[in-house]
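For reference, the structure discussed in these notes is given below.
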Amino acid sequence: MREMLLCRRPSAELLPAYLDFCRECWGHVHDDYLLNDPAEYASWRETLLQELAEHEAGAGLAPGLMPSVRFWIMTGTVCIGAADIRLKLNDALRNYGGHLGLVIRPSCRGMGYSKRVNHLLLEEAVKLGLDELLITCVDANTAAKQSLRSIPGIREEAGAAVFQGELRRICRFYWKNPGEKF
């Protein structure tokens with residue numbers, strides 16, 4: 001029997017699991033925006049939840065950032081991933097980034113979690129009022145592409161985008177809510 005996966009909103013009770021997730025992921029992802037430096041835990045543990053609430057409300061965002069809702073992906077007491085659902089897109093996110101950001105911890109990759117999590121995130125996006133989504137990934141990330149291709153009704157398009165100052169081949173995935181439950 002597969003373990004239950006939940007998209008949980010960040011909370012004080014989940015901070016230890018999130019810290020463990022950050023320890024495993026730190027230095028092992030191409031973009032660490034969903035992570036916090038585990039060595040700096042003492043400096044962010046008291047402010048992180050307030051910062052995430054402000055990001056969701058669109059308050060105090062750095063230039064170029066858009067409002068987003070953060071989820072910690074839990075199985076039991078273990079945080080296996082972190083995700084953002086961006087509520088709006090700017091030109092940069094339309095180019096690369098899209099509505100969803102997701103990191104699965106290295107020890108949980110290749111186990112089918114990403115496919116299951118993407119379906120949960122689509123449900124959450126619909127609850128947040130989003131009926132159309134743009135999801136992007138680098139072309140070389142075959143695991144992400146496979147996971148995204150499993151979503152019913154998804155449309156794929158190849159392209160290129162500048163990411164961290166480097167031109168990369170990417171895939172853009174477009175999804176429109178068919179009005180059905182997943």
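Among the conditions (1) touching a residue at least 60 places away in the same chain (Cβ under 8 Å); (2) surrounded by 16 or more Cβ atoms within 10 Å (Cβ to Cβ), the only one that C108 does not satisfy is (1).
Could you list all residues from the stretch 140-173 that are within 27 Å of M111 (Cα to Cα), assigned to a strand (DSSP E or B) and in contact with a helix residue (DSSP H, G or I) (Cβ under 8 Å, 6 or more places away or on another chain)? If the condition is that a residue be within 27 Å of M111 (Cα to Cα), assigned to a strand (DSSP E or B) and in contact with a helix residue (DSSP H, G or I) (Cβ under 8 Å, 6 or more places away or on another chain), then E156, C171, F173 are the ones that fit.
In the list Y18, Y33, which residue meets the criterion of being at pLDDT 95 or above and either in contact with a strand residue (DSSP E or B) (Cβ under 8 Å, 6 or more places away or on another chain) or within 27 Å of N90 (Cα to Cα) (or both)? Step through it out loud before you land on a result.
Working: Y33 fails: at pLDDT 95 or above.
That would be Y18, the only listed residue that is at pLDDT 95 or above and either in contact with a strand residue (DSSP E or B) (Cβ under 8 Å, 6 or more places away or on another chain) or within 27 Å of N90 (Cα to Cα) (or both).
Of all residues in the stretch 126-139, count the ones that are among the acidic types (D, E) and outside any strand (DSSP E or B). So that I can check it myself, show each step before the final result.
So in the stretch 126-139, the residues among the acidic types (D, E) come out as 131-132, 139.
If we keep only those that are outside any strand (DSSP E or B) too, we end up with 131, 139.
Final tally of qualifying residues: 2.
Out of A53, A42, one residue alone is among the small types (G, A, S), farther than 17 Å from V117 by Cβ and either buried (at least 19 other Cβ atoms within 10 Å of the Cβ) or at pLDDT below 95 (or both). It is A42.
The values are calculated or read from the model by the stated rules, or taken from the named source; none is laboratory data. Please read these numbers as outputs of a predicted model, since none were measured by experiment. We place every Cβ from the backbone using ideal geometry, glycine too, and count neighbours over all the protein chains shown.
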